[in-house]
Amino acid sequence: MLAAGVSDRVEKLVDAYSSWESSRSSGDGCGSLSDLDLEAAFRASFYISMYVGDEEWLGKVRCIHAELVRRGTVTETTHRKMHAVLVQVRHFAEANELREMASLRVDELPGIERNTPGQQGVLHPLAGGKLEWRRWTYREGLEVVAYVSPACAPSRRAMHVIMNDPEWTWIRSSVRFVVRRSPAWPQPGVGEWNRSNPSHPMLLQAGPEGWKELDVHETPVFHVLRNGLRLQTLTGWAEASAGLMRLKADF
């Protein structure tokens, strides 16, 4: 679980970067930056993108990376960071192209069938190693969308309790576990959980589209929704377990 207040820190970083951008002439692109400023801009935009994980910040990192390549000052570490951003935003084909171009020693990423990046979706594994994009639809009535991470001990505890404790039988038909898009692929722990819990797999976001209203930087976080509209958000298993139990009669 990330430290409390991380959302505020990310917001401040985004504001500071935006202020720096606005201080430059509107027509200035990445090519107008000095070598030192270009390196600094790459570090800052990459760091923010790791938290925000959307197309806008991918574009910023991509622009700077392309200019570093043009100048011949790009390093393997820079290539790897660019690759990580592409993985996070689910541009797998472009990440594979960068892998080949830069001779990166990383695994080739799987193809995504029926990919529709302009809509909210999740990725499902198929036989043969490929992935399938599937549309995300909110359920009628009350449901809980739980943001979890296989690397987060409180997330693992929350999922274990929900799936195994008889006290929580009532919520199982109304809860889905979502793993926020990550620069790591495959994400360790997801496959193991999904094989053991096929009725309640960890669902991997297919990209940023549609998820921003629910996106959080902490885990576990439990969004309570009715017909797709968020009613409340409970952070941390200690708070969420008590809060959800108070809602038991409504489910």
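The values are calculated or read from the model by the stated rules, or taken from the named source; none is laboratory data. Keep in mind that this is a model prediction, so the values were computed, not measured. When we count neighbours, we look across all protein chains shown, and the Cβ atoms used for this are built from the backbone with ideal geometry, even at glycine. For accessibility, only protein heavy atoms count, side chains too; no ligands or nucleic acids. Shrake-Rupley method; radii C 1.70, N 1.55, O 1.52, S 1.80 Å.
In table form, for the structure just shown:
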item: Near pairs, Cβ below 9 angstrom, 6+ apart or cross-chain, from segment 8-23 (closer than 16 Å to Glu56 by Cα) to any residue that is open to solvent by 90 Å² or more (accessible area, probe 1.4 Å) and part of a helix (DSSP H, G or I); result: Leu13/Tyr47
item: In segment 135-166, the residues that are free of Cβ contacts under 8 Å to residues at least 24 places away in the same chain and either farther than 27 Å from Lys212 by Cβ or in a strand (DSSP E or B) (or both); result: Arg135, His160, Asn164, Asp165, Pro166
item: Subset tally (residues that are hydrophobic (A, V, I, L, M, F, W, C) and under 17 Å from Gly236 (Cα atoms)) for segment 127-162; result: 11
item: Answer from Val161, Val179, Val106 - the residue that is among the aliphatic types (A, V, I, L, M) and touching a strand residue (DSSP E or B) at 6+ places or on another chain (Cβ under 7 Å); result: Val179
item: Hey, Arg135 at pLDDT 95 or above, among the basic types (Lys, Arg), open to solvent by 80 Å² or more (accessible area, probe 1.4 Å) and within 30 Å of Ala41 (Cβ to Cβ) or not; result: no
item: Residues that are hydroxyl-bearing (Ser, Thr, Tyr) and modelled with pLDDT of 95 or more, drawn from segment 45-98; result: Ser45, Tyr47, Ser49, Thr73, Thr75, Thr77, Thr78
item: Pairs with Cβ under 7 Å, 6+ apart, first in segment 209-229 and closer than 16 Å to Val52 by Cβ, second β-branched (Val, Ile, Thr); result: Leu214/Val145; His217/Val6; His217/Val10; Glu218/Val6; Glu218/Thr235
item: Pair list, Cβ < 7 Å and 6+ apart or interchain, from segment 77-105 residues that are polar (S, T, N, Q) to residues that are assigned to a helix (DSSP H, G or I) and surrounded by 19 or more Cβ atoms within 10 Å (Cβ to Cβ); result: Thr78/Phe42; Thr78/His65; Thr78/Leu68
item: Qualifying residue in segment 216-225 (condition: more than 18 Å from the chain's Cα centre (by Cα) and either β-branched (Val, Ile, Thr) or modelled with pLDDT of 95 or more (or both)); result: yes
item: Residue satisfying all of: in segment 153-177; buried (at least 19 other Cβ atoms within 10 Å of the Cβ) and out of contact with any helix residue (DSSP H, G or I) (no Cβ under 7 Å at 6 or more places or on another chain); nearest to Tyr51 (Cα to Cα) among these; result: Ser155
item: Verdict on Leu214 being assigned to a strand (DSSP E or B), in contact with a His (Cβ under 9 Å, 6 or more places away or on another chain) and crowded, with 17+ Cβ neighbours inside 10 Å; result: no
